[in-house]
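Take a look at the structure below.
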Amino acid sequence: MPSRPFQKPPTQVEAVLLELRRALLEGDYPAGTRLNVDGISKTLGVSRAPVRDALRILEGEQQVIYEPHRGYCVPEMRLDDLFDLYRIRELLESEAAALAVPLLTPADIATLRASAEVVSRALAEGNRVAATYANRELHFRLFESPGHEQLVTSIRQAWNADAYRALYLRDLESAAASAREHDAIVDAAAEGDVSRVILLQNAHRDGELRALLRMLTDRFPDAEDVATKRWRATTGVEAFAETA
């Protein structure tokens, strides 16, 4: 018998879900795209049932929506919705970090540093999917603490509800610059400096929003101008306006 652990092959639903997650992350289905069950099942060589089941799971995560007479679609967002989502993230992520950072162990810090390295290496190799998952692992390790699972679930739902998730790593140079900010966040976490972790997280998130708005000018020509008037983050609207 082989000594390596036995890995059960994924079910058809798990396999379809994995492929749909990849497609959403890589932007194969932009915001507003209708997801045709028959087309997906033919492309993947499976029946309609596992595709429908996978789409229901994604609907529960708010990554897709179901519309009567249209079926499943990738949701679109107004600018106000996007700003609300970022405000929700700021509030929840700051609270989660305040709870989690004091509990981080040396092993946790080592895991955070390893995730940061994976993000940078994946971006250098142009592997957007690996970078996305490593980035999530890094940030959510800063949010997770015992007894606050619902808080983390709410943050995860906010991340999943972002209709423009596929755009964040489109500009690899900008994404790499953003990824370099992870080191300072991890250093602050290693020192147990909660206030600095939150401050750096807010600046990191605001930079992410600025980069996204630059990529949305074709959809929202006045996006950056609107942001300076409506975005209110802990780092301050003045800081946002100065670097926008």
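The values are calculated or read from the model by the stated rules, or taken from the named source; none is laboratory data. Note that this is a predicted model, so its numbers are computed, not measured. For neighbour counting, all protein chains shown are included, and Cβ atoms are generated from backbone atoms with ideal geometry for every residue, glycine included. Please note that ligands, DNA and RNA were not included when accessible areas were found on the heavy atoms of the full protein model with its side chains. Shrake-Rupley method; radii C 1.70, N 1.55, O 1.52, S 1.80 Å.
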Compactness of the stretch 79-199 as Cα Rg over 2.2 N^0.38 Å, two decimals: 1.04
Rg over Rh [alpha-carbon atoms, Kirkwood Rh] for the stretch 122-162: 1.08
Cα coordinate range in the stretch 26-122, projected on the principal axes (Å, largest first): 50, 34, 23
Extension reserve of the Glu181-Arg48 stretch, reckoned as 0.36 nm per residue once the Cα distance is removed: 43.6 nm
HN-Hα J in Hz across the stretch 41-46 - Karplus 6.51, -1.76, 1.60, θ = phi - 60°, x for Gly and Pro: 5, 5, 4, 8, x, 10
Fully extended contour minus Cα-Cα distance, from Asp28 to Glu137, at 0.36 nm per residue: 37.0 nm
HN-Hα J in Hz across the stretch 104-111 - Karplus 6.51, -1.76, 1.60, θ = phi - 60°, x for Gly and Pro: 5, 9, x, 5, 5, 4, 4, 5
Förster radius 25 Å - calculated FRET efficiency between Gln150 and Glu191, Cβ distance, rounded to 0.05: 0.35
Accessible area of the chain divided out per residue, in Å², using a probe of 1.4 angstrom: 53 Å²
Within the stretch 67-109, backbone nitrogen closer than 17 Å to the virtual label 7 Å beyond the Cα of Asp171 toward Cβ: none
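State the dimensionless ratio Rg/Rh of the stretch 75-132 (Rg: radius of gyration of Cα atoms; Rh: Kirkwood radius).
Working: Rg = 15.6 Å, Rh = 14.0 Å.
Looking at the stretch 75-132, the ratio lands at 1.12.
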Built amide H within the under 5 Å cut-off of Tyr72, gap 5+: Leu35, Glu67
Total formal charge among the other residues, if their Cβ is under 15 angstrom from that of Ala114, Lys/Arg +1 and Asp/Glu -1: -1
Reduced Cα scattering model of the chain, Debye log10 I(q)/I(0), q = 0.07, 0.16 Å⁻¹: -0.26, -1.29
Per-residue SASA entry for Tyr133, accessible area with 1.4 Å probe, Å² rounded to 10: 100 Å²
FRET efficiency estimate (nearest 0.05) - Cβ-Cβ, Ala107 to Glu14, R0 25 angstrom: 0.30
Percent accessible area from carbon and sulfur atoms, the stretch 1-154, protein chains only, probe 1.4 Å: 55 percent
Dipole magnitude of the stretch 83-220 about its Cα centre (Cβ charges: Lys, Arg +1; Asp, Glu -1), debye to nearest 20: 400 debye
Area accessible to solvent at Arg196, 1.4 Å probe radius, in Å²: 110 Å²
Prolate/oblate/rounded label for the stretch 130-184 (Cα gyration tensor, a/c 1.5): oblate
Exposure of Val37 as accessible area (Å², to 10), given a probe of 1.4 Å and all protein chains: 20 Å²
